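First up is the structure itself, then whatever we jot down about it.
The values are calculated or read from the model by the stated rules, or taken from the named source; none is laboratory data. Values in this document were obtained by computation on a predicted structure and should not be read as measured data. Every residue, glycine as well, gets a Cβ built from its backbone with ideal geometry; the counts of neighbours run over all protein chains shown. Ligands, DNA and RNA are excluded from the accessible area calculation, which covers all protein heavy atoms including side chains. Shrake-Rupley method; radii C 1.70, N 1.55, O 1.52, S 1.80 Å.
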Amino acid sequence: MAKAKKTENLMETLVTLCKRRGIIFQSSEIYSGINGFYDYGPLGVEMRRNIKDAWWRDFVHRRDDIVGLDSTIIHHPTTWKASGHIDNFTDPLVDCKTSKQRFRADQLFFAPVVIDGATVGYVSAMESESTEQELQTAAETFKRKKGIQGTLEAVALRDMTEATEEEIPLIPSPATGEPGSLTPPRSFNMMFQTHVGALRDDASVAYLRPETAQGIFINYKNILDTGRVKLPFGIAQIGKAFRNEINPRNFIFRSREFEHMEIEYFISPDENWQKVHRDWIDRSRDWLVSIGIEAALLSEYEHPKEKLSHYSKGTIDIMFKFPFGVQELQGIAARGDYDLTQHQETSGKSMEYFDEATKSRFIPHVIEPSVSVDRIMLAVLTAAYREEEVEGDKRVYLKLSPRIAPVKVAVLPLVKNKPELVKAARTLYSNLQRRYAVFYDESGAVGRRYRRQDEIGTPWCATVDFESIESGTFTVRDRDTMEQVRMTEAEFMAMLDEKID
Ligand code: GAP
């Protein structure tokens, strides 16, 4: 009988599992790593491909109104002037002059320590699940250490973008615990710069794209003229994006190089954009559930009007319960006609759409579902991780959707010293290999082999035993229930076809 166990420190557990089983590695580890970059190992790369393939099949192949694109990573630099990224794609940055550390001002919180109505000092902490509690504890410690008598008020926290000029020198740096070393917040552009061509001067500056979206906007006219598309229609793109994040953190949640999956869905300006927006939020949620993320772990967050990105008329984030708290998994923005209008004005090329039915010309509006493969990977792993006790032993398994699992079937001969068993297992393996990512394992006790597959989320283990030689059947063990049933190869293939879609 299996008994579910609570996992302590899930994030650490996932990072360790990913390293140990060849899913994700810190990039450049042999040179002490490079912060904010991750490499995907043999199993990780399969999972990523499965996520991208599932997304592409569901949103491009299985729809009549969305086409694909693969644009370059480096665009003409004017693209980023037109899109507003050169001026607006910034994060507020605070330096600590003593430790040389840098913090995102909107993630660095502080509070005055107020005793009997008077401010006697300040405390600070980086944003976390329990920032307020941390600051309250820090305020109590401050009071005790300074030996100040009186009633301490509950802390009222603000972030560094809200600190006044007078307050900044009084706020302690989270790096040193001492005040006086933090600088006022300044804007830091997150685009990575490079140079195109042999000369490294201002004229040769170019940028690695921070989103795939602009590649779509600058190709919108090409697709309109050649793609026989009619409104409403979408253009989908999957590709690498780069952001020089001040504080890359939480493993692959916020990295400096990630892979975007974005759709720009163009609609008429007369269309009810709120309805299309809602529809995309619902479809995106349904899709996340279809790849194995439980609906109960998802929620929504509507960006307040005053905090919207420079291009947005309205943004709703699909939030996920990550091990470090509820955070954005996917953004769905209503970008209006901002981008196409900007590119029309900057390039002088018309971005208008001619509507045959009404004989009118206009610039379409756009709804944009945007997510990264990397953040989905982390959500999928978080949702899938399970620990349970089975007959006194700990069993770890990843309850991955068969669509996403890196290995679909492990083929195991019961023993490796019986040539007829090995031969039958090898035949089954090579038949399966033609259609799916499968794995052959003959080393060690069969129970151990099952556990190794459980840990990487292999949905089925097919074990060829003595009965297989006579009956032509083998046992199929289900990862989640651990139950085994006998099947013929034809029955098994039919089941796989249905479940791995
Ligand atoms: N084109 C719109 C856009 O890029 P965004 O809110 O900056 O909007 C959209 O990003 C999505 O891209 C996020 O919801 C997240 O899934 C992913 N994303 C953004 N920055 C990321 C990072 N540094 N690392 C991993 N994924 C990131």
Anisotropy class of the range 64-210 from Cα gyration tensor, a/c 1.5 cut: prolate
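Charges at C-beta only: +1 for Lys and Arg, -1 for Asp and Glu. How large is the resulting dipole of the chain about its Cα centre, in Debye rounded to 20? Before the final figure, lay out the partial values.
Working: 66 positive and 76 negative charges, 276 e Å.
Around 1320 debye, computed over the chain.
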ASP70-LYS145 FRET efficiency (beta carbon distance; Förster radius 56 Å; 0.05 resolution): 0.45
Cα gyration tensor shape of the range 368-465, rounded if a/c is under 1.5, else prolate or oblate by comparing a/b with b/c: oblate
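Let me have the 222 nm mean residue ellipticity of the chain computed from DSSP H runs of 4+ only, each contributing -39500 (n - 2.57), with the sum over all residues rounded to the nearest 500. Provide the component values of the computation, followed by the final result.
Values: 13 runs with 148 residues, N = 501.
Roughly -9000 deg cm²/dmol at 222 nm, from the helical runs in the chain.
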Karplus (6.51, -1.76, 1.60) ³J(HN,Hα), θ = phi - 60°, over the range 323-332, in Hz, Gly and Pro reported as x: x, 9, x, 7, 9, 4, 9, 9, x, 10
Where LEU288, LEU152 fall by accessible area, highest first, once all protein chains stay in place (1.4 Å): LEU152, LEU288
Estimated vicinal HN-Hα couplings, Hz - the range 352-365 in sequence order (Karplus 6.51, -1.76, 1.60; Gly, Pro = x): 6, 10, 9, 8, 4, 5, 9, 6, 10, 10, 7, 8, x, 9
In nm, spacing of pseudo-spin labels at SER290 and LYS3 (7 Å Cα→C-beta vector): 4.0
Table column - 3J(HN,Hα) (Hz), the range 289-300, Karplus curve with 6.51, -1.76, 1.60, x for Gly and Pro: 5, 5, 9, x, 9, 4, 4, 5, 8, 9, 8, 10
Under 26 Å from LYS275, Cα to Cα: lysines that are on another chain or at least 8 residues apart: LYS221, LYS230, LYS305, LYS307, LYS313, LYS359
Accessible area (Å², 1.4 Å probe, nearest 10) - THR194: 50
Å² per residue, accessible surface of the range 354-455 at 1.4 Å: 42
By average C-beta atoms within 10 angstrom, highest first, the peptides 295-307, 460-472: 460-472, 295-307
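Calculated FRET efficiency, ILE469 and GLU166, Cβ-Cβ r, R0 60 Å, to nearest 0.05?
Numbers: r = 84 Å, r/R0 = 1.41.
That gives a FRET efficiency of 0.10.
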Förster-model FRET efficiency, 30 Å R0, GLU132 and ILE86, C-beta, rounded to 0.05: 0.25
Part-to-part distance (alpha-carbon centres) for the range 441-490 and the range 1-75, which is given in Å: 26
Inter-site label distance for ARG283 and ASN244 at 7 Å from Cα along Cβ, in nm: 3.7
Built amide H within the under 5 Å cut-off of GLN330, gap 5+: ILE318
Anchor LYS81: aspartates and glutamates whose Cα lies under 15 Å away (excluding residues fewer than 8 positions away in-chain): ASP202, GLU211, ASP339, GLU345
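Can you classify the range 67-128 as rounded, prolate or oblate using the Cα gyration tensor, where a ≥ b ≥ c are the square roots of its eigenvalues, rounded means a/c under 1.5, and otherwise it's prolate if a/b beats b/c and oblate if not?
Values: a/c = 3.52, a/b = 3.08, b/c = 1.14.
Judged from the Cα gyration tensor, the range 67-128 comes out prolate (a/c at least 1.5, a/b above b/c).
How big is the dipole moment of the range 113-176 about its Cα centre under a simple scheme where the beta carbon of each Lys and Arg is +1, that of each Asp and Glu is -1, and everything else is neutral? Debye, nearest 20, please. Show your work: numbers first, answer last.
On the way: 5 positive and 12 negative charges, 93 e Å.
Result for the range 113-176 is approximately 440 debye, rounded to the nearest 20.
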Reach of LYS408 by Cα under 17 Å, taken over lysines that are not fewer than 8 positions away in the same chain: LYS52, LYS399, LYS499
Protection proxy ranking of 256-263, 47-54 - average other beta-carbon atoms within 10 Å, highest first: 256-263, 47-54
Cβ-based charge dipole, the range 395-501, positive-most Cα from THR427, SER468, MET493: THR427
Distance in nm between pseudo-label sites at PHE192 and ARG62 (7 Å out along the Cβ direction from Cα): 3.3
Exceeding the 31 Å Cα-Cα cut-off - candidates LYS19/LYS418; LYS100/LYS143; LYS321/LYS394: LYS19/LYS418
